[in-house]
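Visitor: Here you go, one structure.
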Amino acid sequence: MSGVSIDLNADLGEGFGRWTLTDDERLLSVVTSANVACGFHAGDAVTMRRVCELAVERGVRIGAQVSYRDLAGFGRRAMDVPAAELAAEVAYQIGALEVFARAAGSRVAYVKPHGALYNRVVRDAEQAAAVVDGVLLAGGGLPVLGLPGSQLHEVAVRAGLPAVAEAFGDRAYRADGSLLPRGQEGAVVHDPDVVVERSVALVTAGAVTAHCGTSVPVRARSLCLHGDTPGAVELARRVRAGLESAGVTVGAFA
């Protein structure tokens, strides 16, 4: 399919101390953008440094995956954080990762919220504005990666930041284009064949079948491949191969 391109992003660096979750080195041979955990839901200084170095070696863009301060809950628990505090914590996380990105010879290229924060800023304009304020506080006009049509993107565009839409081949969608919450049955798609099929359809047709069976239009510039999924590396390779077989060019957006 001539003229169609997509970025592949994955959540990486999601370990802490001696505990590891994602196969960073092998995933970085597949993806084009790395959402690096910045220490609030996962990650630590040593992990951030290592992932940045590996990403630069492989020509992968480095993104700051910012989160609520929830290490115990992996950033997936709902939290109420005052806007000024959240903005400062978003800037803090970006700044921490920027140190290691620069040391590796690169820069932080974009920002993506994680987990509960990601879902919250789809509809919560105040929390979305706090995230954008944090990006601005960190300096530079960094692109913001998130769900199409979200409050986060609306606020980002008004603030002059590029809004980059992403899609998920392994997550179930609601009819309104939002993601089915992880606590509900069927929220995560586990069948590799189905994930590949959905990923290719998202990119080539700009649509996905929602959990209720209806077709939902989804126009995205980046496709997320979850690094904490069992068999994530092989699944990522299959998705990339499926896209390239369909004539899609795989390349970073930033």
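The values are calculated or read from the model by the stated rules, or taken from the named source; none is laboratory data. Keep in mind the model is a prediction, meaning the values are calculated, not measured. Because the Cβ atoms are built from the backbone with ideal geometry, glycine has one as well, and the counts that use them run over all protein chains shown. In case anyone asks, the SASA skips ligands and DNA or RNA and just uses the protein heavy atoms, side chains included. Shrake-Rupley method; radii C 1.70, N 1.55, O 1.52, S 1.80 Å.
Visitor: I'd like to verify a number: residues in the range 106-131 that are assigned to a helix (DSSP H, G or I), in contact (Cβ under 8 Å) with a residue 40 or more places away in the chain and open to solvent by less than 10 Å² (accessible area, probe 1.4 Å), how many?
Guide: 4
Visitor: Take the range 19-54 and flag every residue that is at pLDDT below 95, over 21 Å from residue 239 (Cβ atoms) and in contact with a helix residue (DSSP H, G or I) (Cβ under 7 Å, 6 or more places away or on another chain).
Guide: Result: no residue meets the conditions.
Visitor: Also: Taking interchain pairs and intrachain pairs at least six residues apart, which have beta carbon atoms under 8 angstrom, with the first residue in the range 234-250 and of a type in the set (D, E, K, R) and the second open to solvent by 40 Å² or more (accessible area, probe 1.4 Å)?
Guide: The qualifying pairs are 234/192; 238/192.
Visitor: Moving on. Whether any residue in the range 149-157 is under 18 Å from the mean Cα position of the chain (by Cα), open to solvent by 20 Å² or more (accessible area, probe 1.4 Å), of a type in the set (S, T, N, Q) and over 19 Å from residue 40 (Cα atoms) is what I want to check.
Guide: Yes, the range 149-157 contains at least one residue that is under 18 Å from the mean Cα position of the chain (by Cα), open to solvent by 20 Å² or more (accessible area, probe 1.4 Å), of a type in the set (S, T, N, Q) and over 19 Å from residue 40 (Cα atoms).
Visitor: Moving on to the next point. Restricting to the range 168-200, name every residue that is outside any helix (DSSP H, G or I), farther than 20 Å from residue 131 by Cβ and open to solvent by less than 20 Å² (accessible area, probe 1.4 Å).
Guide: The answer is 169, 170, 171, 172, 173, 180, 187.
Visitor: Filter the range 66-95 for residues that are open to solvent by less than 30 Å² (accessible area, probe 1.4 Å) and not in a loop (DSSP other than H, G, I, E, B) and give the result.
Guide: Selection gives 66, 86, 87, 89, 90, 91, 93, 94.
Visitor: Mind checking whether some residue in the range 55-65 is closer than 20 Å to residue 239 by Cβ, in contact (Cβ under 8 Å) with a residue 60 or more places away in the chain and in a loop (DSSP other than H, G, I, E, B)?
Guide: yes
Visitor: I would also like to ask the following. Right, residue 203: assigned to a helix (DSSP H, G or I) and open to solvent by 30 Å² or more (accessible area, probe 1.4 Å) or not?
Guide: Taking the combined requirement at face value, the residue does not satisfy it.
Visitor: Is one or more of the residues making up the range 219-232 β-branched (Val, Ile, Thr), surrounded by 12 or more Cβ atoms within 10 Å (Cβ to Cβ) and in contact (Cβ under 8 Å) with a residue 60 or more places away in the chain?
Guide: Scanning the range 219-232, I find no residue that is β-branched (Val, Ile, Thr), surrounded by 12 or more Cβ atoms within 10 Å (Cβ to Cβ) and in contact (Cβ under 8 Å) with a residue 60 or more places away in the chain, so the answer is no.
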